[in-house]
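Everything below concerns the one structure shown next.
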Amino acid sequence: MDPIYQPLEDNEGSSQNMALELMQQSEMLDANQVNAVYAEKIRHKPLLLIPSMANKGSQASSRDESSSSKKKQKGRLSHAERRRLGLTQIPKKMDYQKLLQLHKLWLGYVQEAFTKAYGEALLTKLLKAEYQGAILRVQRSKCPSKVGIEGICVLETKNTFVLVTEENRVLRISKHDCIFELGFELDGKKHLFELHSRQVVNRPADRSSKRYKILGSLDL
């Protein structure tokens, strides 16, 4: 039997059980009542010991280790780790022709995600869609130098699109005060859409769970 659950022993002679000694110090019970309660409710019952502070420390460390192991099991990298590994860096030049394969994958994603979607349902799905791999064109902007820039989107952040142009240039375009043009073919029909800045200025993960209302055009 585990010594922790070892029942109290009734010591013979002058040495008495610790629990019995404590009960005898109580003024609420007389000697006969103490012996009766001890024999009925305490004697031969398991004694659960309170863990020491050292055990509490070891338990806390084991909990920390288990929580850290769970985090590692999720396989998520912190922002500092991603930055150290260079995962957040975009090269100054990228091959546009190679990225056309990414665009083909995006077209396949559109065919699968937007099938049998029409009208406002299609527009809502488009606003929640993934744009990495899409060909975006700046149709209108308050900055005239941005108008006409077109390329494959390779990265989207809350406030910017990173586009690779046909000249293999990598440009980071702000979403603010811009209207982007996006086109693709669906169900044998060509579709052309406008993405307004106030509708796409969100992190991709947040945009996918946001509710949208179809709004009018911006005065640019």
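The values are calculated or read from the model by the stated rules, or taken from the named source; none is laboratory data. For clarity, every value in this text was computed on a predicted model and none was experimentally measured. Cβ placement follows ideal geometry from the backbone for every residue including glycine, while neighbour counts extend to all protein chains displayed.
For segment 165-179: of the residues being more than 13 Å from I152 (Cβ to Cβ) and more than 29 Å from the chain's Cα centre (by Cα), which is surrounded by the fewest Cβ atoms within 10 Å (Cβ to Cβ)?
D177
Looking at L195, is it outside any loop (DSSP other than H, G, I, E, B), closer than 19 Å to T88 by Cα and touching a strand residue (DSSP E or B) at 6+ places or on another chain (Cβ under 6 Å)?
No: the conditions fail for L195.
Select, from Q89, Q97, the only residue that is at pLDDT 75 or above and assigned to a loop (DSSP other than H, G, I, E, B).
After ruling out the rest, the residue left standing is Q89.
Output the residue which, of all residues in segment 98-134 that are within 27 Å of the chain's Cα centre (by Cα) and among the hydroxyl-bearing types (S, T, Y), is surrounded by the most Cβ atoms within 10 Å (Cβ to Cβ).
Out of the qualifying residues, it is Y131.
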